[in-house]
Amino acid sequence: MASEKEKDQYDYLFKFIIIGDAGAGKSCLLHQFIENRYKKGSSHTIGVEFGSKIIHVGGRNIKLQIWDTAGQERYRSVTRSYYRGAAGALIVYDITNRDSYNHLVNWLQDARTLARADTSIITVGNKCDMKDKRAVTFLEASRCAQENDILFLETSALTGEGVEDVFIKVARVILNKIEDGLIDPNTMVSGTHTGSQRIGSDSGGEAMSSKTCSC
Amino acid sequence: GWSLPRADTCAELARRADALVPAEVRAQVRMDAPRTFQALPPGCQPSLPRHEAEARVCRVLLAFEWRNSNAQVRGLGATYTQGMNYIAGMCLGLCGWSEELGFLLFARLVEDVLGLEYFCEWPPLLGYHTDVAVLPDLARVACPWLHTALGSKLFEEVIAMLAVRLLVPCFVLTGALEESNLLRLWAELLVGGRSESAGFLAALSCSAPAEGVRTPPRLPLITWFVGVVGALGPEAASAAERLEAEERGMAAVSCILQGLATLPPGWHPGPLPRPPASVAEDLVRVRRCLVAQGSHALAIRSLGLPSADVERWQRQFEALPQVGHGEGIDAATLRDVLQVYTPARADYAHELFLLLDRDASDSLDFFELMAGILVLSRCPTARKLDLLFHLYDTDGSGALEVDELQCLAATLARLALPAEGLREVSHDEVGPYADSPLSGAARAAPGQARRERALKTASELEECARIRRRLLALDADGDGKLSLEEWRKGAQSLPWLLHLLRRAGVVDCQGGCADDLAYFNLGPEKYRECGLMQQACALQ
């Protein structure tokens, strides 16, 4: 009982949004992060799905509230409203699909205009286990990320490689910004939330949200 | 010749689709087909090998795509949207995975019950946006506690998030409704609406009179949605209340989605909190507004103007004295605008107005005015003729079809015969001209009202018929409509057409083109800073 209570306490709440082309593996990435396993027999996301997890970064408990969005172009009129207040954005592409990489700039523009001005953005090259089908090199993507001043990592939602790192890396950057005084968590509208005053009371939240992540 | 693909089989249409459906749509369908089965209830799971079942989902979707991309109306035709694969899988499942039967059921559901516009190409997700505009009010009555717990803004967001998840795939969703409940909802959709099914498009089309509003066949979706919020909202409200503001929305959505499966077999939503008629009216109103915005954007794109400029001009346009409720500007305003900017052209205002007002609404909307500015600019006659073509190609199909030709002919007839105030003609006399074989719901234009010009006088009628025959003479391949090529080729060689355009001040009085005359002094490169809108605003 005590441990469960402890588990639900957090210092900050960060909203993350996962965007990128359809089929890049956004939902599988989220599922791997929350459940620590790959979900076979997947379905695609219609609109938005959620997940949340508390991670421990820099001596703080941080609750990540993650919004996983539909990738099909036709859903942009719907998903645009989900960016609001996001403190972190994951732009996912498929390293075996050149088109999904080429669309990175569009997604980046969406993230910069629709989320918070100081949103921390990471680009994620997913499916890095499929080395023989690779269509985008690590170097190329890493340069692109550098030019655009965003973070970059490659992951495999299948094996789990790099997945947790992505979320921790972004969370750490946001945390640093807060501790450097670049972001005042108390003035945030809904991007990050200070939860230090709270005694955990959302005991159902975690299990609930992991279930909804039907990758 | 009109060839309808209805007699063809799903397999045949799917085969043709391989060549005709855009590659990105085919790729999306192939990507999503394997991601269909998890969402289907146990009774609809295929007993055939998985790869064959996937192939059937693909073929049904591609055959449907072909059938609709072949439709004459672009924009409002349905196109593949994620979630349609769930619906196709469910249809196949209900038909024992018979491909042909499943295809027919799918076509019936999407075309007659949901309406083609539900998944229309543009504006995207029109059905969702339309329904979402009416849902919060209904849901609030069904569960005021949830509204209180979330506040208005968050409540609307929660309803929208639930709506996209539930309505778009018709409740076919992993872990959602218990199977017998899902089947009952589908039975209501497929069978319950039968008497109304003739006319979802008719009920929602621009031309339908307000009193003719009927219950939309997809109303069961809305009824069930509101019922679900009513049943599961209280629990969601208490779950949300325990949390910080930032977490409430997500918790409420999750709580309701997970609650769906717990609704016992035989559960049924009560009646809608409001009588369906008013919901139908709301839907018609919202849908009109959305289609107008969507087709507006489509039309502006066809002019090829930079969007930032268009937005700026639009704001200026909106500052002009409007006709009615922000509809557009009238002939007098146009004259005033011309008077300020180029007094010499003001004399043409009336004729120009007639030419630009192609839907005979007695007001120019923004698109019509923009097209007019370009027509009057110093571009070559060929370009002006192109613009005129696009102006009258109201459905953006790339061809002037019978009713669009009729519209153009009627305008030109009015230009040819300035108001003479001859006798009014009876409906019988108008009939042969006003009726088009494609009139009505099936030809509903995307937003730009496609009202036939009511021709007032007998001489106008005669002139109109004459002009229509002359225009149809340009139809080189005899398919009953004018392609842009045919129009370009033919129009410049018609002295009478140039003569008529001259009357509207579009071409100069020497019979040549206006290229050398600085009517507006608007070279193609100068239209960007054309001061027309600024000048017009100064009038106020």
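The values are calculated or read from the model by the stated rules, or taken from the named source; none is laboratory data. Predicted model, so just to flag it, every value in this text is computed and none were measured. In this analysis, Cβ positions are derived from the backbone assuming ideal geometry, glycine residues included, and neighbour counts consider all displayed protein chains. Surface accessibility is based on the protein's heavy atoms, side chains included, excluding ligands, DNA and RNA. Shrake-Rupley method; radii C 1.70, N 1.55, O 1.52, S 1.80 Å.
So if I check each of B:Glu178, B:Glu100, B:Glu111, which one is open to solvent by 10 Å² or more (accessible area, probe 1.4 Å), out of contact with any helix residue (DSSP H, G or I) (no Cβ under 8 Å at 6 or more places or on another chain) and more than 14 Å from every other protein chain (Cβ to nearest Cβ)?
Values: B:Glu178 fails: out of contact with any helix residue (DSSP H, G or I) (no Cβ under 8 Å at 6 or more places or on another chain); B:Glu100 fails: out of contact with any helix residue (DSSP H, G or I) (no Cβ under 8 Å at 6 or more places or on another chain).
Result: B:Glu111 is the single residue among B:Glu178, B:Glu100, B:Glu111 that is open to solvent by 10 Å² or more (accessible area, probe 1.4 Å), out of contact with any helix residue (DSSP H, G or I) (no Cβ under 8 Å at 6 or more places or on another chain) and more than 14 Å from every other protein chain (Cβ to nearest Cβ).
For the stretch B:215-272, give me each residue that is in contact with a strand residue (DSSP E or B) (Cβ under 8 Å, 6 or more places away or on another chain) and under 19 Å from B:Val168 (Cβ atoms).
B:Val253, B:Ser254
Of the residues in the stretch A:106-120, how many are free of Cβ contacts under 8 Å to residues at least 40 places away in the same chain and within 17 Å of A:Ala24 (Cα to Cα)? Walk me through it before giving the result.
Step one: of the stretch A:106-120, the residues free of Cβ contacts under 8 Å to residues at least 40 places away in the same chain are A:106, A:109, A:112-114, A:117.
Narrowing further to those that are within 17 Å of A:Ala24 (Cα to Cα): A:106.
The number of residues fulfilling the criteria is 1.
Somewhere in the stretch A:83-98, is a residue at pLDDT 95 or above, hydroxyl-bearing (Ser, Thr, Tyr) and more than 21 Å from B:Val172 (Cα to Cα)?
Within the stretch A:83-98, one or more residues are at pLDDT 95 or above, hydroxyl-bearing (Ser, Thr, Tyr) and more than 21 Å from B:Val172 (Cα to Cα).
Can you work out which of the residues in the stretch B:226-269 that are farther than 11 Å from B:Leu146 by Cα and of a type in the set (Asp, Glu) is surrounded by the most Cβ atoms within 10 Å (Cβ to Cβ)?
Among those that are farther than 11 Å from B:Leu146 by Cα and of a type in the set (Asp, Glu), it is B:Glu247.
List the number of the failed condition for B:Trp122; all other conditions in (1) within 11 Å of chain A (Cβ to nearest Cβ); (2) touching a Gly at 6+ places or on another chain (Cβ under 6 Å); (3) farther than 30 Å from B:Glu401 by Cβ hold.
Only one criterion is unmet by B:Trp122, namely (3).
Condition (residue is more than 16 Å from B:Gly270 (Cα to Cα), at pLDDT 85 or above and more than 13 Å from chain A (Cβ to nearest Cβ)) applied to the stretch B:235-242: is it met by at least one residue? Don't jump to the end; show me each part of the working.
Start the filter on the stretch B:235-242 by keeping residues that are more than 16 Å from B:Gly270 (Cα to Cα), which leaves B:235-242.
Checking the rest, the ones that are also at pLDDT 85 or above come to B:235-242.
So of that shortlist, the ones also more than 13 Å from chain A (Cβ to nearest Cβ) come out as B:237.
There is at least one residue in the stretch B:235-242 that is more than 16 Å from B:Gly270 (Cα to Cα), at pLDDT 85 or above and more than 13 Å from chain A (Cβ to nearest Cβ).
Being buried (at least 24 other Cβ atoms within 10 Å of the Cβ), within 26 Å of B:His268 (Cβ to Cβ) and either within 11 Å of chain A (Cβ to nearest Cβ) or touching a residue at least 60 places away in the same chain (Cβ under 8 Å) (or both) narrows it down to one residue among B:Ala139, B:Ala133; which is it?
Going through B:Ala139, B:Ala133 in turn, just one is buried (at least 24 other Cβ atoms within 10 Å of the Cβ), within 26 Å of B:His268 (Cβ to Cβ) and either within 11 Å of chain A (Cβ to nearest Cβ) or touching a residue at least 60 places away in the same chain (Cβ under 8 Å) (or both): B:Ala139.
Could you please find all residues in the stretch B:76-94 being more than 14 Å from chain A (Cβ to nearest Cβ) and at pLDDT 90 or above? Talk me through it step by step, then tell me what you get.
Within the stretch B:76-94, the subset more than 14 Å from chain A (Cβ to nearest Cβ) is B:76, B:91-94.
Once the filter is applied, which keeps residues that are more than 14 Å from chain A (Cβ to nearest Cβ) and at pLDDT 90 or above, the stretch B:76-94 yields B:Cys91, B:Leu92, B:Gly93, B:Leu94.
Just one of the numbered conditions (1) within 20 Å of B:Gln28 (Cβ to Cβ); (2) open to solvent by 10 Å² or more (accessible area, probe 1.4 Å); (3) within 9 Å of another protein chain (Cβ to nearest Cβ) is not true of A:Ser27; which one?
Every listed condition holds for A:Ser27 apart from (3).
Looking at the stretch A:70-87, is at least one residue of a type in the set (A, V, I, L, M, F, W, C), closer than 29 Å to B:Arg248 by Cβ and free of Cβ contacts under 8 Å to residues at least 60 places away in the same chain? Reasoning before the result, please.
Applying the first criterion (of a type in the set (A, V, I, L, M, F, W, C)) to the stretch A:70-87 yields A:70, A:78, A:86-87.
Then drop every residue that is not closer than 29 Å to B:Arg248 by Cβ, which leaves A:70, A:78, A:86-87.
So of that shortlist, the ones also free of Cβ contacts under 8 Å to residues at least 60 places away in the same chain come out as A:70, A:78.
The answer is yes, given that some residue of the stretch A:70-87 is of a type in the set (A, V, I, L, M, F, W, C), closer than 29 Å to B:Arg248 by Cβ and free of Cβ contacts under 8 Å to residues at least 60 places away in the same chain.
Among (1) touching a strand residue (DSSP E or B) at 6+ places or on another chain (Cβ under 8 Å); (2) under 28 Å from B:Tyr86 (Cα atoms), where does A:Asp99 come up short?
In the conditions (1) touching a strand residue (DSSP E or B) at 6+ places or on another chain (Cβ under 8 Å); (2) under 28 Å from B:Tyr86 (Cα atoms), A:Asp99 misses (1) alone.
Scan the stretch A:179-192 and tell me whether some residue there is surrounded by 13 or more Cβ atoms within 10 Å (Cβ to Cβ), at pLDDT below 95, within 14 Å of chain B (Cβ to nearest Cβ) and over 18 Å from the mean Cα position of the chain (by Cα). Walk me through how you get there before you give the answer.
Here is the first cut: in the stretch A:179-192, the ones surrounded by 13 or more Cβ atoms within 10 Å (Cβ to Cβ) are A:183, A:185, A:188, A:190-192.
Still in the running and at pLDDT below 95: A:183, A:185, A:188, A:190-192.
Subsequent filtering for residues that are within 14 Å of chain B (Cβ to nearest Cβ) retains A:185, A:188, A:190-192.
Filter once more, so that each one left must be over 18 Å from the mean Cα position of the chain (by Cα): A:185, A:188.
For the stretch A:179-192, residues surrounded by 13 or more Cβ atoms within 10 Å (Cβ to Cβ), at pLDDT below 95, within 14 Å of chain B (Cβ to nearest Cβ) and over 18 Å from the mean Cα position of the chain (by Cα): present.
As an exercise: evaluate A:Thr159 against (1) touching a residue at least 40 places away in the same chain (Cβ under 8 Å); (2) touching a strand residue (DSSP E or B) at 6+ places or on another chain (Cβ under 7 Å); (3) in a loop (DSSP other than H, G, I, E, B) and give the number of the one condition it does not meet.
So the condition that A:Thr159 fails would be (2).
Name the residue that is surrounded by the most Cβ atoms within 10 Å (Cβ to Cβ), counting only residues in the stretch B:147-165 that are within 9 Å of chain A (Cβ to nearest Cβ) and not hydrophobic (A, V, I, L, M, F, W, C).
B:Arg165
Scan the stretch B:14-42 for residues that are closer than 23 Å to B:Ala176 by Cα and not aliphatic (A, V, I, L, M) and jot them down.
Correct list: B:Asp32, B:Pro34, B:Arg35, B:Thr36, B:Phe37, B:Gln38, B:Pro41, B:Pro42.
For the stretch A:33-126, list the strands (runs of 3 or more DSSP E) that sit wholly inside it and hold at least 3 residues that are open to solvent by 10 Å² or more (accessible area, probe 1.4 Å), under 28 Å from B:Asp131 (Cα atoms) and away from every other protein chain (no Cβ under 14 Å); which are they? Write out each step before concluding.
On the way: elements: A:48-57, A:60-69, A:88-94, A:120-126.
Result: empty, no element qualifies.
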